[in-house]
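Asks: Handing you this structure, nothing more for now.
The values are calculated or read from the model by the stated rules, or taken from the named source; none is laboratory data. Keep in mind that this is a model prediction, so the values were computed, not measured. All Cβ positions, even for glycine, are placed from backbone atoms using ideal geometry, and neighbour counts span all protein chains on display. All accessible areas refer to the heavy atoms of the entire protein, side chains included, with ligands and DNA or RNA removed. Shrake-Rupley method; radii C 1.70, N 1.55, O 1.52, S 1.80 Å.
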Amino acid sequence: MHFNLKINPAKDELNFKKDSALVKFFIESKKLEKTLENFFLSLNYSLGKIQKKNFLDKKSNELTYYSQSGEPSVLYIKKVKIDKDFFVDFFRNYFAGLVPSLKKKNLNSVHVVVPSFFDFKDHFENESQLLRSMLEGIHLGNYTFDNYKSDKEKPAELSFFIHYTDQKILGSTIDHSNKLMDAVYFTRDLVNEPAITLTPEELANRTKKELTKLGVKVSVFDKTELKKRKMNAILAVGGASDKSPYLITMHYKPLGKAKRKIALVGKGVCYDSGGLSIKPTSSMLEMKADMAGGGAVVGIIKAAAMMKLPVEIIGVIPAVENMINGSAYKPGDVVKAASGKTIEVKDTDAEGRIVLADALHYASQQKPDEIINFATLTGAVVVALGEIAAGLFTNDDRLADELLQSGKTTHERLWRLPFWRDYNDMIKSDIADISNLGPRWGGAITAGKFLENFVDEKIPWAHIDFAGPAIKHKSNNYTEKYDTGFGVRLIIEYLSKI
Ligand code: BES
Ligand code: ZN
Ligand code: ZN
C-alpha cells in the first residue's frame, strides 16, 4: 500500500488537528536536554524518564512518542549529529524509512519542521537542496510497485505540511520535487515492470503516450526501418525474440532558444537471457531491469519537459529482447553495425554494447553538443564499485567534473574509472574491426571502450554504467525493494545547472 500524498507548505504556526504527526529534528549538542524539555513543555507533553535517558545517552537516535489525548498524536523525534559522518542523504533516507512505517497508523497529516539551513551549510549547497533531500525522501519512501498484488488496500490520504521560514523557496522546491519525483516514479514503473508485459513494443508505446502529452516528439523505428538504416547490430541482438526490436527516439525542444543540444542514449534490453551464451537462472532474475538505461532516458526527458528546461534533448533507446530461437545471433558471428564497423560476437551476453553501437552512431549523426549514455552494461562495474555507485567513463574532464558534482548533490553517486587508450587493444578482433568481448579483467572499461568506437570523436561523450545502483539493493531505505530509477535525479540536476 502507498499513500495518496499531498505535500503542502505550512503557512501558520504549528497548528495540529486530530490524527496528526509531528516530525522534529534535534541537533546533538550540550544544550540538547534543555531544548528537548522545552519542546515537550510547549506541547504540554511529558517525556518518560527512560525514554528521555535513552535518547540523551545516545542509546537511540530516535524516539517515537504517542500521546493519549493531545495533538499531535505521534511525535517523531530524530537526533542529528552534524559531524564528518553526516552526509547529504541523511534526510532522504530518514523520510524514505518513515513514510512506509506510517501505514495503519490512521494519520491524516504529518507536520515536518525543517531545521535551520545555517546548521547544515557545510553539507548542502543551498536551502533548496536541503529541502529537496527531505521531499524526495518522502516521495521515494512512498513508492510501491504493487500492480500484481491481489490483496492490496486502497491508498489512504496523507498530507504533509512542511514548516519552513522561507515560503518562496519552499513553494518552488515543493513544485520542483513533485515534478521530478513524478518522472522518477515513471522510470521506476518501467524498470520494475516484468518483461512479460514490458516488451520493446510496450516500452515504445508507454514512452510515446507519456511524452507526446508533454509536447515531446517520439518516433519509433520498426524492423523494416531498422533494416533500411542498416542497424544490423540492433537487428542481430533482437532477432531471436518473438517480440520485435525497435529504436525509440525522442526530441524535446524548449520554447525559447536552447542553451545546449544534448543526446541521451539508454540501453533498452527489455530482457537479457544472455542469448546462446545463456545466463544461469539466478543471474536472469534481475534482467527485466536491463532496460533501466532506456527507462532513465524517458524519465529525464519527461522531467525536463515538465520543468520546461531550456535545453534541447534527443533521446535514443534501442529496445530489444536478448532471447534464443533459430534466428539467434551466435558466438562467432560478425555483424556490420550502422556506422559500417564490423563486430565479432564472442559472447551473446555482451549484447548491450552491440545495440548501443547503432544507437550511439545514430545519436552522433544528430550532431548534439554532447552525448551521455546510461546502461546496465556490465557485472564487472558492480564488482569494482559495489551497488552504491555507477561507473563514469569519459575523456572529457568538464563533463566528468560536472556529472560527478551532480552525483554528490543528488546522492546518485558516480565514480570515474580510467579510460586510457591502452584498453583499446584489448578488444581487437582478428576477423572484424572490433570484438564484443575483452579479457577477464577490466571488463567495465573495455565495454566502455567498445562503445567509444561508435561515438563521433569530436562530440564530448560520457558513458554511465549503472548495473549496480539502478537495480534494487540493500544499501538504503529507498533502494531495497524496487529498482531505483537511478539517473533521473542525477541528470536533471546536471541539466538544471546549464
Ligand atoms: N545486462 C548484463 C549486465 C548486468 C549484470 C546488469 C548484472 C545488471 C546486473 C550484460 O548484458 C551482461 O550480461 N554483461 C556480461 C558481459 C560479459 C559477457 C563480457 C557480464 O557482465 O557478465
Ligand atoms: Zn548480457
Ligand atoms: Zn544486458
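Asks: Quick one: which residues, 5+ away or cross-chain, put their amide H under 5 Å from the amide H of Thr376? H built at 1.01 Å from N.
Replies: Distant-sequence amide H within range of Thr376: Lys267, Ala292, Gly293, Phe466.
Asks: Which ³J(HN,Hα) values in Hz, rounded to whole numbers, follow from the phi angles of the stretch 241-257 under the Karplus curve 6.51 cos²θ - 1.76 cosθ + 1.60, where θ = phi - 60° and Gly and Pro get x?
Replies: Rounded to whole hertz, the list is 10, 5, 8, 5, x, 9, 10, 9, 10, 10, 9, 9, 10, x, 5, x, 6.
Asks: Distance between the C-alpha centers of the stretch 126-170 and the stretch 353-411? Whole Å please.
Replies: Answer, in whole Å: 29.
Asks: Put a dot 7 Å past each Cα toward the Cβ at Asn395 and Lys259; how far apart are the dots in nm?
Replies: 2.8 nm
Asks: By what distance, in whole Å, do the Cα atoms of the stretch 421-498 stretch along each of the three principal axes, largest value first?
Replies: 48, 33, 18
Asks: Can I ask one more? Can you compute the helix-only [θ] at 222 nm over the chain? Use -39500 (n - 2.57) per DSSP H run of at least 4 residues, normalise by all residues, nearest 500 deg cm²/dmol.
Replies: Theoretical 222 nm ellipticity from helices: -10500 deg cm²/dmol.
Asks: Measure nothing fancy, just the Cα-based angle from helix 200-212's long axis to the longest principal axis of the chain, in degrees from 0 to 90, nearest 10.
Replies: With rounding to tens, the tilt is 60 degrees.
Asks: Over the heavy atoms of His163, what accessible area does a 1.4 Å probe trace out, to the nearest 10 Å²?
Replies: The value for His163 is about 20 Å².
Asks: Please report, in debye to the nearest 20, how large the charge dipole of the stretch 279-380 is about its Cα centre when each Lys and Arg carries +1 at its beta carbon and each Asp and Glu carries -1 there.
Replies: 120 debye
Asks: Could I ask something else about it? Report ³J(HN,Hα) in whole Hz for each residue of the stretch 361-376, in order, from the Karplus equation J = 6.51 cos²θ - 1.76 cosθ + 1.60 where θ = phi - 60°; Gly and Pro get x.
Replies: 5, 4, 4, 4, 5, 7, 6, x, 6, 7, 10, 10, 10, 10, 7, 7
Asks: Now, a different point. Please work out the average accessible area per residue across the chain, using the 1.4 Å probe convention, and give it in Å². Walk me through the numbers before you get to the answer.
Replies: Working: 22020 Å² over 498 residues.
About 44 Å² of surface per residue is accessible.
Asks: Using the alpha-carbon atoms, what tilt in degrees (0 to 90, nearest 10) does helix 397-410 show relative to the longest principal axis of the chain?
Replies: Once rounded, the angle reads 40 degrees.
Asks: Same structure again: Could you calculate the contour length gain from Lys341 to Asn205, that is, 0.36 nm times the residue separation minus the distance between their Cα atoms, to one decimal place in nm?
Replies: That pair, Lys341 and Asn205, stretches by 45.9 nm at full extension.
Asks: May I ask you to compute the full-extension gain from Arg416 to Lys103, defined as 0.36 nm times their residue separation minus their alpha-carbon distance, rounded to one decimal in nm?
Replies: Working it through step by step, the gained length comes to 108.7 nm.
Asks: Which aspartates and glutamates have a Cα lying under 19 Å from the Cα of Lys53, excluding residues fewer than 8 positions away in the same chain?
Replies: Candidates past the 8-residue exclusion: Glu28, Glu33, Glu37, Glu62.
Asks: What is the Cα convex hull volume of the stretch 266-365 when expressed per residue in Å³? List each step's numbers first, then the result.
Replies: Numbers: hull volume 9.2 nm³, N = 100.
Taking the convex hull of the Cα positions in the stretch 266-365, it is 92 Å³ per residue.
Asks: Then there's this: Checking the a/c ratio against 1.5 first, then a/b against b/c, what shape does the Cα gyration tensor give for the stretch 157-312?
Replies: Oblate.
Asks: Provide the packing ranking of 91-103, 352-364, 390-402, 218-230, i.e. peptides ordered by the mean count of other C-beta atoms within 10 Å per residue, highest first. Mind dumping the intermediate values first?
Replies: Working: 91-103: 20.5, 352-364: 27.3, 390-402: 18.2, 218-230: 15.1.
Packing proxy ranking, top to bottom: 352-364, 91-103, 390-402, 218-230.
Asks: Still on this structure: How are the alpha carbon pair distances in the stretch 3-184 distributed across 10 Å bins from zero to the largest one, expressed in percent?
Replies: Percent of Cα pairs in each bin: 8, 36, 37, 16, 2, 0.
Asks: Additional query: Can you list the residues, at least 5 places off or on another chain, whose amide H is less than 5 Å from the amide H of Asn8, using H built in the peptide plane?
Replies: Phe160, Phe161, Ile162
Asks: On to the next question. Farthest toward the dipole's positive end in the stretch 371-471, which of Ile471, Tyr423, Asn373, given Cβ charges of +1 (Lys, Arg) and -1 (Asp, Glu) about the Cα centre?
Replies: Ile471
Asks: Here is a further query. Taking the alpha-carbon centroid of each part, what is the distance from the stretch 421-498 to the stretch 194-245 in angstrom?
Replies: 21 Å
Asks: Calculated FRET efficiency, Lys308 and Glu225, Cβ-Cβ r, R0 35 Å, to nearest 0.05?
Replies: With R0 = 35 Å, the Cβ-Cβ based efficiency is 0.70.
Asks: Pop a pseudo-label 7 angstrom from the Cα along the beta-carbon direction at both Met1 and Leu214 and give the gap in nm to one decimal.
Replies: Between Met1 and Leu214, the label points sit 3.1 nm apart.
Asks: Further question on the same structure: Please give the length that would be gained between Thr197 and Glu153 if that part of the chain were fully extended, namely 0.36 nm times their separation in residues minus their C-alpha to C-alpha distance (nm, one decimal). The partial results should precede the final answer.
Replies: Working: separation 44, 0.36 × 44 = 15.84 nm, distance 2.31 nm.
Contour length minus the Cα-Cα distance gives 13.5 nm.
Asks: Applying 1/(1 + (r/R0)^6) with R0 = 25 Å to the Cβ-Cβ distance of Lys121 and Asp182, what FRET efficiency is obtained, to the nearest 0.05?
Replies: Numbers: r = 30 Å, r/R0 = 1.18.
Computed FRET efficiency for Lys121 and Asp182: 0.25.
Asks: Taking the chain as the reference, fit the longest principal axis to its C-alpha atoms, fit the long axis of helix 127-142 to the helix C-alpha atoms, and give the angle between the two in degrees, 0 to 90, nearest 10.
Replies: With both axes taken from Cα atoms, the answer is about 80 degrees.
Asks: Further question: Rounding to the nearest 20 debye, state how big the charge dipole of the chain is about its Cα centre with +1 on each Lys and Arg Cβ and -1 on each Asp and Glu Cβ.
Replies: 960 debye
Asks: Sticking with the crude label model, points 7 Å out along Cα→Cβ, report the distance from Leu56 to Ser283 in nm, one decimal please.
Replies: Placing both labels 7 Å beyond Cα along the Cβ direction yields 5.8 nm.
Asks: Could you estimate the translational diffusion coefficient of the stretch 334-451 from the Stokes-Einstein equation, with Rh from the Kirkwood formula over C-alpha pairs, at 4 °C and 1.567 mPa s, in whole µm²/s?
Replies: 85 µm²/s
Asks: While we're looking at this one, here's another question. Debye calculation, C-alpha points only, no solvent: report log10 I(q)/I(0) for the stretch 198-496 at q = 0.08, 0.15, 0.16 Å⁻¹, in the same order as the q values.
Replies: Values returned for q = 0.08, 0.15, 0.16 Å⁻¹ are -0.29, -1.15, -1.33.
Asks: Identify, among Phe221, Ala338, Met306, the residue whose Cα sits farthest towards the positive end of the charge dipole of the stretch 198-496, taking +1 on the Cβ of Lys and Arg and -1 on the Cβ of Asp and Glu, with the dipole about the Cα centre.
Replies: Positive-end residue among those listed: Met306.
Asks: Give me the distance between the Cα centres of the stretch 47-64 and the stretch 264-310, rounded to whole Å.
Replies: Distance between centres, Cα-based: 45 Å.
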